[in-house]
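The values are calculated or read from the model by the stated rules, or taken from the named source; none is laboratory data. For clarity, every value in this text was computed on a predicted model and none was experimentally measured. Using ideal geometry, Cβ is built from the backbone for each residue, glycine included, and neighbour counts are taken over all protein chains shown.
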Amino acid sequence: MGRTREMNAETPTSALAGNIPVREFLRAFPFYLAWNAQNRIVEVGPSLRKVCPSVEPAQNLTDALRLVRPHGELSASFFNDHRDQLFVLEDRTNQRLLRGGYLPLEQLGLGVFLGTPWMTSPDQIAAHGLALGDFAVHDQTLDLLLLLQTQQTAANDLRQLNAKLVAKREQLIEQEARARKLALVASSTDNAVILTDGEMRFEWVNEAFTRMTGWSALDVRQEKLWDFLIHSAAEPISFSDAENLLNKGLIFHKELPQFRRDGSCYWLSIEVQRLRDDAREVASLMAIGRDVTEKKQAEKRLRRREMEARRQRDEAHRQRDELEWIYNNAPIGLCYLDKDLRYRRVNRYLAEINGVGVEEHIGRSVGEVVPSFATRIEREARNVIRTRRPARYEDVTYISSAEHSRRYFNESWCPAFDEKGEVSGMTLLVEEVTDQRRLLLLGEADQRKNAFLATLAHELRNPLAPIKSALQLVQMSDADDLMRDENLAALRIAERQVDHLVRLVDDLLEVARITHGKIRLKKENIDLLDVLPQALDLVRPLLLKQGHQLTYEAPTPPLPVSGDSVRLVQVFANLLENAIKYTPPGGVISLSVAIEGAEAIVRVKDNGRGIPPEKLASIWDLFAQVEYGTREARGGIGIGLALARTITELHNGRVGATSLGIGMGSEFFVGIPLAVAS
């Protein structure tokens, strides 16, 4: 509407006062202000312009003035709703206060503020650029009404303030009670409790803090929490990440070594969080500290134990690796068998002895891996399981059917027990003593060789004398006398001696085959009961000549074996001939065969001269003979039993002999594995 012209005394009427003379209106309300429905100022009283020169028409009401009382928005609707109250306005430019009432002029669409400057002394009149003529002339009734309205407004304000104070007091009482409870809890706990102000300065600590650190509340008052912790730290620390966590509303936690006031060191676990007031403003910090020295010491002991355990574990692994290397590369055979005689572990040396790879042993039975050893190994293993004691077998002989070589081993068995004390398996240690055995045998063989040569010379010379005599007798006879009885008898004697020489030569050839490993077998499935009668037929003449009594016992069912029937006849014939030779005339000899486990056991027993116990193991050696002190007790050249053992072992069998001593007779046995049915 542009700048409003000034109203003066000559103006007949005013838009604000209707038909009221302007001079009378101005004298009554010189500090008036009018605005329209859009809150735009339309007129400003002349005295108001002196107090608030920046308030001009066309301004927005809220840009020029601020409503101080009552609280609310400076608008026409707010004035209408509170028209009965006293209003206090403030000039936004010079902060001068105006107080007065509100007058709505609805017919004009205007709102009018009728008031006066709020001054507390006459000196302020001149300071505001006013004179007494700028004030309205009021009657006392109007002043009284304004005074009453002001007192009523003040009373309302006091009542509201009192209500707020009562509510605040109750809130403080409640907070004080809660604080007492918290203080009681804080004082009774073993944890240190710290309260700071908004700047993180100590305000309060409990007794546990003093007991823990040695510092009292007075000692740390006004010191900042982070500074206290840094100065007391036993090692350099930083709290650079603490502020970020606290600003995010999170709890900051840290464990750090600290020095007490007396210089002793302890470990502190501290948790810090911000405390906010009802307006969500940060009021203080609360820190709770725990002495975790014992925990840290326990962790340190645990770490030391873990390090020691790790060291011991590494040492155990190193020793295990060393033992594993030793186990696999030891120059002795090692294996572990479970109680079902299946290989669970085996080293390379034993695998080489068995001629089967290491991996091919694992999980397989002895019979599957080394069938030629199965019977003996199973017998020895079952004995260890039964007796629950270690066992040792020396000079165990292994004949390689492929190479026809003989190797000697010492075997040591040791049972293993489970947690119940039951035998769970056994360890077998196999030490090859072939070289030592061969050296010993070479010495013994040299002695036997000398004895053999002497015996051989005697055995070869004996037949030559009868042959020479027979030839001389024949030479002295005429052709007509050649067929005389005495000549024929001499020729028969020569024939027998030649046959004896042939047998000696055959035995010498067998010795060559034995020593060179050239004995060959022609194995086939045969019945052992068909072999034994053939051996009896071979020795029957010698048996009858010595006048011995023979008994023969055999089971009814067949005894199937895989073998060379010619060579097996040779084995049993040698045993029978040995018994016949070393039994005085008229003796008793028995031949029996029976099934024992997986073997057919053939026994030859006599009541002859017997064998010294110390000779039982060596009688199977080549050229070995027992010295009885008389020439008559000896016979042969000492290869029969060695040949019998060699042939038996090539059949995966075994031999043995027992005797109670000289004059107590002897018993020889041969064990041949039974053939497994297809």
*asked:* Could you check segment 539-577 and list, in sequence order, the residues that are aliphatic (A, V, I, L, M), in a helix (DSSP H, G or I) and crowded, with 16+ Cβ neighbours inside 10 Å?
replied: Val539, Leu543, Leu568, Val569, Val571, Ala573, Leu575, Leu576
_Quick check on my filter: what residues within segment 204-219 are buried (at least 17 other Cβ atoms within 10 Å of the Cβ) and either among the polar types (S, T, N, Q) or in contact with a helix residue (DSSP H, G or I) (Cβ under 6 Å, 6 or more places away or on another chain) (or both)?_
Val205, Asn206, Thr213
*Kindly indicate whether any position in segment 240-256 is assigned by TED's automatic domain parsing to the domain that holds Trp215, under 25 Å from Glu207 (Cα atoms), of a type in the set (Lys, Arg) and in contact with a Gly (Cβ under 9 Å, 6 or more places away or on another chain).*
no
*Determine whether Ile526 is on the phi < 0 side of the Ramachandran plot and buried (at least 19 other Cβ atoms within 10 Å of the Cβ).*
no
_Selection within segment 414-437 - touching a strand residue (DSSP E or B) at 6+ places or on another chain (Cβ under 9 Å) and either among the basic types (Lys, Arg) or closer than 16 Å to Leu350 by Cα (or both)_ = Met426, Thr427, Leu428, Leu429, Val430, Glu431, Glu432, Val433, Thr434, Arg437
_Of the residues His71, His82, His128, only one is at pLDDT below 85 and closer than 18 Å to Leu48 by Cβ; which?_
His128
*If you check Asn347 against the conditions, is it within 30 Å of Glu422 (Cβ to Cβ) and modelled with pLDDT under 90?*
no
*Can you find even one residue in segment 203-210 that is at pLDDT 90 or above, among the β-branched types (Val, Ile, Thr) and over 23 Å from Lys295 (Cβ atoms)?*
no
*Assess whether Arg83 counts as being out of contact with any Phe, Trp or Tyr (no Cβ under 7 Å at 6 or more places or on another chain) and surrounded by 13 or more Cβ atoms within 10 Å (Cβ to Cβ).*
no
_Taking the conditions exactly as written (in contact with a Phe, Trp or Tyr (Cβ under 8 Å, 6 or more places away or on another chain) and at pLDDT below 85), does Leu245 satisfy them or not?_
yes
*What about Val561, is it under 24 Å from Asp506 (Cβ atoms), at pLDDT 90 or above and β-branched (Val, Ile, Thr)?*
no
